[in-house]
Amino acid sequence: MKGIQFKFTAIVFLVAGTLCIAAPNFAQNVKLSSPDLVQVTVTAAGRSGAAPPALERIDVSVHQDSQPRPVIDLVPANSPKASLDFVILVDDSLNTRLGTQFRDIKDFIHSLPEGSRIAVAYAANGTATMQQDFTTDRAAAEKAIRLPNGQFQGSSGIYFAVSDLIKKWPEGAARREVLLISDGIDFTYGVDDTVPGLNPALEQAIEAAQRNNVTIYSLFASGAGIFARNQFLILNGQGCLGKLTLDTGGDSFFLGFQTPVAFRPFLQQLTGLLGRQYLLTFRATLPPKAGFHELKVSTEMSGVELMAPSRIYLPVRP
C-alpha cells in the first residue's frame with residue numbers, strides 16, 4: 001500500500017479566505033549568536049519516491065520575501081548538532097478502533113534515531129496533556145500509548161492543543177517534530193470555520209510552530225460520533241491538517257475518508273523523511289517591525305524537492 005502525500009492545491013476550492021490574527025508571544029527555541037541568524041529544519045524528498053542524494057551547503061538557496069539570503073550552515077540529521085525531540089500527539093476524540101494501530105505506532109517509536117527524546121501527549125478541549133514527558137526510554141514511550149476516549153465533546157480544540165504543546169516544549173533539541181494523529185475537525189469556532197484558511201486556532205498553531213522551528217506531520221484517523229461520516233467535514237479536517245503541515249515544512253498522510261487499515265506504510269515514509277532532514281542556518285534581513293516573512297528554500301539538484309516552513313518570524317532590526 002502506498003501512502004498519499006497531501007497536496008494543498010487539491011483542496012484550494014475549500015479555502016474562502018485567510019484570517020490574520022495577532023502572533024502569540026512564544027519564545028524561540030534556539031539561541032544563536034546574532035539576531036539575524038535563523039535556523040529552520042529542512043527535509044529533502046526525492047521525486048517519485050527515490051532517495052535523494054546528500055546535500056551540501058552550496059546546494060541550497062534561501063529567499064526571504066523573494067530576496068536571496070546567504071546560507072551559513074547545513075547540518076545533516078545524523079550530526080550530533082541536529083538532535084531530535086519528537087512528540088506523538090493523539091486527538092482524544094478519535095474512534096477507539098485506533099487501538100488496532102498500536103503495534104505500528106510502537107514500532108515507529110523504536111525506529112526513531114538513537115538518543116532522540118520522545119514524548120506522548122493526548123489532545124482534548126484545547127489542551128495537550130503529557131502521557132509521557134520527553135524521554136530517551138522507548139519502552140516508557142510505548143507504555144504511554146493508550147486508547148483515545150472516543151467521545152465527541154463538541155470541540156476537540158485540536159489546534160489550540162497544538163499551540164499548548166509548543167508552549168510546554170523544553171529547550172535542548174535542535175529539531176522539534178510532531179506527529180499529530182487526528183481527523184483535523186475542530187468546531188471551536190463553529191462549522192463554517194472548519195474550512196482551512198478560516199480557523200483562527202489553526203492559524204495560531206501554524207504561527208507557534210513557525211516561531212519555534214517545529215515541524216508538524218499528520219496522520220488522519222476517524223473521529224467518534226456522527227461527524228466521522230460527514231464527507232464535507234472530513235475534507236475540511238484533512239484540508240486543515242494539510243495546511244498545518246505544509247506551512248511548517250511537514251507532510252500529511254491519509255487514505256480516503258477513514259482510518260487506514262495499517263499505519264505502517266505511512267510511518268515508514270515518515271521515518272525516511274526524518275533521516276533526510278537538515279538543520280539550515282541562514283542570515284536574514286531584519287525588518288523595522290517584528291513579524292512574519294515569507295521563506296523559500298530550494299535546490300537546483302536534479303530530482304530533489306526541499307520541504308521547509310513557508311514563513312519565519314523575525315525580530316525588529318536593532
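Key figures for this structure:
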item	result
Degrees, to the nearest 10: 231-247 long Cα axis against longest axis of the chain	20 degrees
Angle in degrees between helix 102-111 and the longest Cα principal axis of the chain, rounded to the nearest 10	20 degrees
Qualifying trypsin sites (Lys or Arg not before Pro) in the stretch 230-318, DSSP loop, other Cβ atoms within 10 Å at most 10	K289
Vicinal HN-Hα couplings computed from phi for the stretch 48-57 (Karplus, 6.51 cos²θ - 1.76 cosθ + 1.60; Hz; Gly/Pro x)	6, x, 6, 6, x, x, 5, 9, 10, 4
Counting DSSP beta bridges with both ends in the chain, the antiparallel % (nearest 5)	60 percent
Long-range HN-HN contacts of D73 with modeled amide H, under 5 Å	T281
Selected from N125, A262, I206, residue furthest toward positive end of dipole (the stretch 80-274; charges at beta carbon)	A262
Amide H partners (placed H, <5 Å) of L180, local residues excluded	L89, Y217, S218, L219
About the Cα centre, charge dipole magnitude for the chain (Lys/Arg +1, Asp/Glu -1 at Cβ), debye	300 debye
Gap separating the Cα centres of the stretch 34-102 and the stretch 177-229, nearest whole Å	20 Å
For the chain, calculated [θ]222 nm from helices alone, where every DSSP H run of n ≥ 4 adds -39500 (n - 2.57)	-6500 deg cm²/dmol
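Throughout, read-outs are computed from the coordinates displayed, never taken from laboratory work. Not measured: the values here are computed from a predicted model. Here the Cβ is made from the backbone with ideal geometry for all residues, glycine too, and neighbour counts use every protein chain on show.
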